[in-house]
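Structure first, commentary second.
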Amino acid sequence: MSTPARQLCALIPAAPPAAAKPAADMLRGWNGRLDADSGQAALFQMLWADLGKRVLDAIVPAQARDLVPSIAAGELIRLMRDPDARSGQDRAATRDRLFGEALAAAWTEAKKLMGDDPARWRWGAIHKVRIVHPLSRLPQIAAAFPPIEGGESPGDNFTVNARWVAARQGYRTSGGASYLQVIDVGNWDESLYVNLPGQSADPQSPHYRDHYGPWLAGRLQKLPFSKAAVDAVAQ
């Protein structure tokens, strides 16, 4: 669940222009959950990226844009809730215009990337996870370490178990915590972990990508500690 998503969608103008109305209707009242199967989540990400760029273009001088490439989530929401003097004399009208233009643009982009039927839109379809070797530009390395791909991720930068979004690269997953661990100091054998993409660094091993699926799902694995527990599952 994304708190910024809920906050921004609560500020959608009551009477958006016609081109923005389909997106406004789809997002108004949305629960803010960035599930992989959610069409609203996909549309929201496009709105978030487009609106952030429009606000930056409106308030940051051109000569400073290289120094301010993005806008903080809290600041974007604040400016949509309470536009300041940089929005001109009619602050509310400027805010509503930017919001409406971003909603219309997001709707157009969603149709371009996911088709004309909003019922078939899915966040996971564009928020994919592809892992490549850091040296994969070398043909020999690329051949020895083929990419691990095909999986879809929920979430974004602002959810628990964050999965960063690369809007400029097709909304793919661009980062996240590759190693997660929860230690039960009262019962060490009940500790949990996940190590993306797997327990082995050898592409020939069946354990090379055995944590890829669990990582996508946020499903931690048992981390045996005592000798008896380790021996029971060792291969």
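The values are calculated or read from the model by the stated rules, or taken from the named source; none is laboratory data. Please read these numbers as outputs of a predicted model, since none were measured by experiment. Cβ coordinates were reconstructed from backbone atoms using ideal geometry, including for glycine residues, and neighbour counts include every protein chain displayed. With ligands, DNA and RNA removed, areas are computed over all heavy atoms of the protein, side chains included. Shrake-Rupley method; radii C 1.70, N 1.55, O 1.52, S 1.80 Å.
Above 15 Å lies some portion of the pair distances; for segment 140-228, what is it as a whole percent of all C-alpha pairs?
Percent of Cα pairs beyond 15 Å in segment 140-228: 66.
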*Give the span of the chain's Cα atoms along each principal axis, as three whole-Å numbers ordered largest to smallest.*
72, 47, 39
_Let me spell out the model: positive unit charges on the Cβ of Lys and Arg, negative unit charges on the Cβ of Asp and Glu, origin at the Cα centre of segment 172-235. What dipole size does that give, in debye rounded to 20?_
260
_By accessible area with a 1.4 Å probe, ligands and nucleic acids excluded, highest first: order of 160, 182, 129_ = 160, 182, 129
*Kindly write out, for segment 12-24 in residue order, the coupling ³J(HN,Hα) from the Karplus curve 6.51 cos²θ - 1.76 cosθ + 1.60 (θ = phi - 60°), rounded to whole Hz, with x marking Gly and Pro.*
4, x, 5, 10, x, x, 4, 5, 9, 4, x, 5, 4
*Of 40, 12, 72, which is farthest along the charge dipole of the chain in the positive direction, counting Lys and Arg as +1 and Asp and Glu as -1 at C-beta?*
12
*For segment 19-139, what is the charge dipole size about the Cα centre, in debye to the nearest 20, if Lys and Arg each add +1 at the Cβ and Asp and Glu each add -1 at the Cβ?*
260
*asked:* How large a share of the accessible area of the chain, in percent, is made up of carbon and sulfur atoms when the probe is 1.4 Å and the other protein chains stay in place?
replied: 54
*Rg to Rh for segment 191-235: what is it, with Cα atoms only and Rh by Kirkwood?*
1.00
*Would you kindly calculate the mean projected area, averaged across all directions, of the convex hull enclosing the Cα atoms of segment 1-135, in square nanometres?*
10.0
*Please work out the average accessible area per residue across the chain, using the 1.4 Å probe convention, and give it in Å².*
56
*Hey, what does the equivalent ellipsoid look like for segment 83-154, semi-axes from the Cα gyration tensor as sqrt of 5 times each eigenvalue, largest first, whole Å?*
41, 19, 9
*Give the residue from 140, 89, 114 lying farthest towards the positive end of the charge dipole for segment 88-153; charges sit on Cβ (+1 for Lys and Arg, -1 for Asp and Glu) and the dipole is referred to the Cα centre.*
140
*Looking at 164, 214, 191, which one has the Cα that reaches farthest to the positive end of the dipole of segment 81-223 (charges on Cβ: Lys, Arg +1; Asp, Glu -1)?*
164
*Evaluate the charge dipole of segment 55-196 about its Cα centre and quote only its size in Debye, nearest 20, assuming +1 on the Cβ of each Lys and Arg and -1 on the Cβ of each Asp and Glu.*
480
*Note down the accessible area of residue 145, probe 1.4 Å, to the nearest 10 Å².*
60
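Which of the helices in the chain, when you take each full DSSP H run, stretch at least 15 Å along the axis at their Cα atoms and have an average Kyte-Doolittle score of 1.0 or higher?
Span-like helices here: none at all.
Hey, can you rank 31-38, 219-226 by average C-beta count inside 10 Å, highest first?
31-38, 219-226
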